[in-house]
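J.: Before I ask anything, let me first share the structure, which is written out below as structure tokens.
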Amino acid sequence: MKITPLGAAGEVTGSSFLVESGEKKFLVDCGLFQGDPESEERNRSFSFDPREIETVFLTHAHLDHCGRLPLLFKKGFRGKIYSTKATRDLAQFILLDAAKVQEEDFLRQSRKKKRAGEEALPPLYSEGDVLFSLALFSSVPYNSPIPLSSNLKVTFRQSGHVLGSAFLIFEEKGKRVVFSGDLGNPHRNVVPDPDLPPECDLVFCESTYGDRSHKTLEESIEELKEAINWAYNAGGNVAIPSFALERAQDVLYYLRNLREEKQVPQNPVFLDSPLSINLTEVYQHYIEELDEELRALISQGKDPFHFPGLEFTPTVEQSRAINQKNRIIVIAGSGMCQGGRILHHLKHNLWREDSAIVFVGYQARYTLGRAIVDGAKKVHIFGEPIAVKARIYTINGFSAHGDQRVLLGWLKSTGRAEVILIHGEENSAFSLATELKATNRSVKIAEQGRVYEI
Ligand SMILES: [Zn+2]
């Protein structure tokens, strides 16, 4: 088997691997490059012929793993896309939203470029391409090997990262290769714990937080509580930039608990993201796949993602109306502040000394979120300079990615497998590699385009 990383090598986004077994070609993930100034260009083409790909195996529904599937269809791919059923249901909303965002960006850019006598780049794909690519999905259960030929099979296992997420085990002629996808943290309340991988020969393992230890979940809930109480007492607002998938549902879940326990004021909360609202509905349909703590809540007749004082605001008018209110909490996307409704809430709150901005997720290089987290005193939003005077909280314990300790523990279970680190910036991958080498593991940091053979 030959495996070639096509993205997420020395970086976090653009996850995709070409897997070749004899004459057959497969992909693991087909993700979008995000954040990087060159990602617009990198997203436009593939280094292989999409018509030659027999099957895509999708680990989960985050855009940096599934975001180029409609482009793959557009460029001629007509094979199958295997994923869990929940991943397919989440991906349909995520991909339709991505097509809509691209169309809106294109119209905005066109107007600007026209004035400069230039042309804007067209969207990567249309809603139609999304719908055609969705028709190629086939749902697969966890823990049930899928035969691809007489000597090759693939198994999806629980990776505990988001609803429906999986790591993959490829088995061919007695050899095993594992792709971690994104790995979650054990002992969370919304998604189940990740399964441990089997002993194998080669493992491609994510390293997003390979250089860090997360604070505990309890400490993070305490920080969230502190931020909410501080802003309420100061008379300001709380804005929480959040990924639509998983983080928004996590925040709702822990906020619901804090409010039920009367640890925070009962002020209005808005989930101001049409995508998050749709994905939260998908979560409601898959309660049986979620963590036992969450199911226990449901058996007590409680709704884990709704509570008194919470309002879903799908329309633009509802969203605008939030800015007229005070002492509120608003959860909105995008999670790294690169677009979406959070920009309006940042514009209205960043300059206020009595407001709090609470980051609960990973902030990639070059993003507005990263600039704020790194201490920028002034940022530009919609071309307008905005002073950063709000209190900035960075709470990493809600992360859907395992930290160094979790990753080392998970990798230990692969026995003596050679480790190829993916899905991490240089420092994270290097730091995790150093720890692994100290335990005499053979480890490399993935290089894009290099062929790894087993
Ligand atoms: Zn992910």
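Read-outs: derived from the displayed coordinates by stated rules, not from any lab. Remember, it's a predicted structure, so these values are computed and weren't measured experimentally. All Cβ positions, glycine included, derive from the backbone under ideal geometry; neighbour counts span all protein chains shown.
J.: Straight-line reach only, C-alpha to C-alpha below 29 angstrom: list the lysines that K225 could link to, leaving out same-chain residues fewer than 8 apart.
T.: Of all the lysines, those that pass the test against K225 - Cα under 29 Å, at least 8 places apart if same chain - are K215, K262, K302, K325, K347, K377, K378, K389.
J.: Can you work out the base-10 log of I(q)/I(0) for the range 308-373 at q = 0.14 1/Å, using the Debye formula on its C-alpha atoms alone?
T.: -0.43
J.: Right, here's the next one. Going by average Cβ density within 10 Å per residue, which order do the peptides 394-400, 319-325 take, highest to lowest?
T.: Taking the mean over residues of other Cβ atoms within 10 Å, the ranking is 394-400, 319-325.
J.: Can you say what percent of the DSSP beta bridges in the chain, counting only those with both residues inside, are antiparallel? Round to 5.
T.: So the antiparallel bridges in the chain amount to around 45 percent.
J.: Given 10 °C and 1.306 mPa s, how large is the Stokes-Einstein diffusion coefficient of the chain in µm²/s, with Rh as the Kirkwood radius over Cα pairs? List each step's numbers first, then the result.
T.: Numbers: Rh = 22.6 Å.
Using the Kirkwood radius from Cα pairs, D works out to 70 µm²/s.
J.: Go ahead and estimate [θ] at 222 nm for the chain from helices alone: -39,500 (n - 2.57) per DSSP H run with n ≥ 4, summed, over the residue count, rounded to 500.
T.: Computed ellipticity for the chain at 222 nm equals -9500 deg cm²/dmol.
J.: Quick one: putting +1 on the C-beta of Lys and Arg, -1 on the C-beta of Asp and Glu, what dipole do you get for the chain around its Cα centre, in Debye to the nearest 20?
T.: 740 debye
J.: Taking the mean number of other Cβ atoms within 10 Å as a proxy for protection, how do you rank 332-339, 69-76 from highest to lowest? Provide the component values of the computation, followed by the final result.
T.: Numbers: 332-339: 23.2, 69-76: 21.6.
Going from most to least packed, we get 332-339, 69-76.
J.: Can you give the charge dipole size of the range 217-398 about its Cα centre, rounded to the nearest 20 debye, using +1 on the beta carbon of Lys and Arg and -1 on the beta carbon of Asp and Glu?
T.: The dipole of the range 217-398 has a size of about 980 debye.
J.: In degrees between 0 and 90, to the nearest 10, how far off the longest principal axis of the chain does helix 217-234 point, with axes built from Cα atoms?
T.: The helix 217-234 is inclined about 30 degrees to the chain.
J.: Given axes a ≥ b ≥ c from the Cα gyration tensor, I'd like to know whether the range 66-222 is rounded (a/c under 1.5), prolate (a/b larger than b/c) or oblate.
T.: Because a/c hits 1.5 or more and a/b fails to exceed b/c, the range 66-222 counts as oblate.
J.: Here is a further query. How tilted is helix 247-260 with respect to the longest principal axis of the chain? Cα atoms for both, answer in degrees (0 to 90, nearest 10).
T.: Between the helix axis and the principal axis of the chain, the angle is about 50 degrees.
J.: So what's the gap between the Cα centers of the range 1-39 and the range 307-348, to the nearest angstrom?
T.: 34 Å
J.: A further question on this structure: With no solvent and one point on each alpha carbon, what is the Debye value of log10 I(q)/I(0) for the range 217-398 at q = 0.16, 0.19 Å⁻¹?
T.: One equal scatterer on each Cα of the range 217-398 leads to -0.95, -1.35.
J.: Mind listing which GluC sites (Glu not before Pro) in the range 104-166 are in a DSSP loop and have 11 or fewer other Cβ atoms within 10 Å?
T.: Details: sites: E104, E118, E119, E127; in loops: E118, E119.
Qualifying residues, ordered by number: E118, E119.
J.: Cα axis of helix 426-437 to longest principal axis of the chain: angle in degrees, 0 to 90, nearest 10?
T.: Around 50 degrees separate the two axes.
J.: Under the Kirkwood approximation applied to all pairs of distinct alpha-carbon atoms, what is the hydrodynamic radius of the range 400-454 in Å?
T.: Mean inverse Cα-Cα distance, inverted, gives 11.8 Å.
J.: Please figure out what share of the DSSP beta bridges in the range 217-398 is antiparallel and state it in percent, rounded to the nearest 5.
T.: 20 percent
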